[in-house]
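Enquirer: This structure is in structure tokens; I'll ask about it shortly.
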Amino acid sequence: MSKGLPKRSEDYSQWYNELVKKAGLAENSAVRGCMVIKPYGYAIWEKMQRQLDDMFKATGHENAYFPLFVPKSLFEAEEQNAEGFAKECAVVTHYRLQGDPDKPGKLRVDPNAKLEEELIVRPTSEAVIWNTYKGWIQSYRDLPILVNQWANVVRWEMRTRLFLRTAEFLWQEGHTAHATADEAIAETKQMLEVYATFAEQYIALPVIRGVKTPNERFAGALDTYCIEGLMQDGKALQAGTSHFLGQNFAKAFDVKFATKEGGLEHVWGTSWGVSTRLMGALVMAHSDDEGLVLPPKLAPIQVVIVPIYKGEEQLAQISEKVEQLRKELMAKGISVKFDNRDTERPGFKFAEWELKGVPVRIAIGARDLENGTAEVARRDTKEKSSQQFDSLATYIPALLDEIQESIYNRALTFREENTNKVDSYEEFKQVLETKGGFVLAHWDGTPETEERIKEETKATIRCIALDTPLEDGVDMITGKPSKQRVYFAKAY
């Protein structure tokens, strides 16, 4: 099987695009800027979705669903939010088509079917949700509201890349309402930690937890918290955000509640979300020149078993043995595929499952049957070993845990080796050009300096890390005093 993948070292972008397609994750669609998520890719997204949904519900959240369309008047009610998303909006102006009198068999927009008010195809749902909350909230007894929705959104993108940036993508968006600022801030930070835990324990991606600068903040928020991961090409990827909205949306939609003391106050809000961009993070953080490297917790197939045989009799003997193992592993919650196709040779199957990133491959032939053994290969390190067949039901679960941890540790080591402190602007630019990665540098806190660095180097402040110690220093450009370093990087 010829994989035909470019090498990461030669063309990282092309390697990523080809890998996503050849591994069967997604492909471009007939709709410009939109993608088709294929079954294997969607199976990974479903595992992400299922785990995150459990984590949301464990923290008291419930799922709901809100309209895809947002009336323009609602959308523009919160001015900062509307202005921030205005250039990305898809707008519905008419409600029907009709036959084209000049082109038989073709359709045109019915000029008499213009909507009284344009509808925005949701780029985010704060407007329609807070308009709804106005009817749900009257008293402190109605709070908090802890709601999440799984949905699709549209943000009109001209330059797209599968999973990382598409005009339509899948995500979840949490929208919560609280009686106090402290409760809303606690919610914002709690959900950031849920995202960070998921990224590290399931995607095996170490992340920086931090807060965005005002320039990079979500439109309409008072604070935006984020998790940032580092990809193998040295670029950062924002993997999730959690926003403290203050009372901005409550004031825009007049959402008030009667307090215990008998007063009337505006509600405090949050919103938070992750998207199918996590699929891009999964691919770029771990995969290699041979294909995907999937953490076992998110792999649709965790173990593939390939028989090596001559004739139907040998296959029957191997199949009987394998079926027993398959049942034992599946009883432990491990997904197993027995690849007994007679249309492909074992070498082709090995290459195919390597491309698809299956964490563990077991090969068993006639000699293995005689010896009571099997060859076990792990995808992350490509190491092979001979194991006693009867002990595999115990050995494999432990091996999967080891692979999950190994993939995380490798990504953590990569991040540590590609995080550099600098004190001068020259050194900053040199590190960005020669090494990439995260660059820790002092910043004077002004949007002007931040914008200048972005224009001159294409690097942005990814976040002000929550765990960065205070450290007196001076801005590398202006020489103004600074109390701590911030994380800069070029980013997706």
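Enquirer: By a straight-distance test (C-alpha under 28 Å), which lysines pair with residue 435 as possible cross-link partners, with residues fewer than eight away in the same chain excluded?
Expert: Straight-line reach from residue 435, under 28 Å: 7, 212, 235, 382, 421, 454, 458, 480, 483, 490.
Enquirer: Follow-up. Would you work out the relative contact order for region 21-124, in percent, from Cα pairs under 8 angstrom that are 6 or more residues apart?
Expert: 22
Enquirer: Separate question: What shape does region 412-451 have by the C-alpha gyration tensor, where a ≥ b ≥ c are the square roots of the eigenvalues, rounded means a/c under 1.5, and otherwise prolate means a/b greater than b/c and oblate the rest?
Expert: Cα axes put region 412-451 in the prolate bin.
Enquirer: For the peptides 266-274, 302-310, what is the packing order when you average, over each peptide's residues, the other Cβ atoms within 10 Å and list the highest mean first?
Expert: Packing proxy ranking, top to bottom: 266-274, 302-310.
Enquirer: 5 Å is the cut-off here: which amide hydrogens, built 1.01 Å from N in the peptide plane, fall below it relative to residue 274, excluding neighbours closer than 5 in sequence?
Expert: 172
Enquirer: Can you say what percent of the DSSP beta bridges in region 408-492, counting only those with both residues inside, are antiparallel? Round to 5.
Expert: Given both bridge residues lie in region 408-492, the antiparallel proportion sits at roughly 75 percent.
Enquirer: If you count only protein heavy atoms and use a 1.4 Å probe, how large is the accessible surface of residue 93, to the nearest 10 Å²?
Expert: For residue 93, the solvent-accessible surface is approximately 60 Å².
Enquirer: I'd like the trypsin sites (Lys or Arg not before Pro) in region 380-410 restricted to DSSP loop residues with at most 12 other Cβ atoms within 10 Å, sorted by number.
Expert: 382
Enquirer: Kindly provide the helix-only [θ] at 222 nm of the chain, computed as the sum of -39,500 (n - 2.57) over DSSP H runs of four or more divided by all residues, to the nearest 500 deg cm²/dmol?
Expert: Helix contribution divided over all residues of the chain: -11000 deg cm²/dmol.
Enquirer: Rank-order 319-328, 147-156 by packing density, defined as the average count of other C-beta atoms within 10 Å over each peptide's residues, highest first.
Expert: Descending mean neighbour count gives 147-156, 319-328.
Enquirer: Shifting gears a bit: From the protein chains alone at 1.4 Å, what is the descending order of accessible area for 143, 329, largest first?
Expert: Largest to smallest exposure gives the sequence 143, 329.
Enquirer: Could you pull the accessible area for residue 401 with a 1.4 Å probe, rounded to 10 Å²?
Expert: 100
Enquirer: Simple spin-label model, 7 Å along Cα-to-Cβ: residue 367 to residue 323 in nm?
Expert: 2.7
Enquirer: What is the sum of charges around residue 118, taking Lys and Arg as +1, Asp and Glu as -1, for the other residues whose C-beta is under 12 Å from the C-beta of residue 118?
Expert: Net charge around residue 118: -1.
Enquirer: Could I ask something else about it? When ranked by the protection proxy of mean other Cβ atoms within 10 Å per residue, highest first, what sequence do the peptides 448-457, 177-186 form?
Expert: In descending order of packing, they fall as 177-186, 448-457.
Enquirer: Quote the accessible area belonging to residue 461 in square angstrom, nearest 10, computed with a 1.4 Å probe and with ligands, DNA and RNA left uncounted.
Expert: 0
Enquirer: While we're here: Could you tally the net charge around residue 372, taking each other residue with its Cβ under 10 Å from the Cβ of residue 372, Lys/Arg +1 and Asp/Glu -1?
Expert: Spelling it out: positives minus negatives among the neighbours equals -2.
Enquirer: Counting only other residues whose beta carbon sits under 10 Å from that of residue 148, what net charge do I get with K and R as +1, D and E as -1?
Expert: Cβ neighbours under 10 Å give a net charge of -2.
The values are calculated or read from the model by the stated rules, or taken from the named source; none is laboratory data. Since this is a predicted model, take the numbers as computed values, not measurements. Every residue, glycine as well, gets a Cβ built from its backbone with ideal geometry; the counts of neighbours run over all protein chains shown. Note: accessible area is taken over every heavy atom of the protein model, side chains too, but ligands, DNA and RNA are not part of it. Shrake-Rupley method; radii C 1.70, N 1.55, O 1.52, S 1.80 Å.
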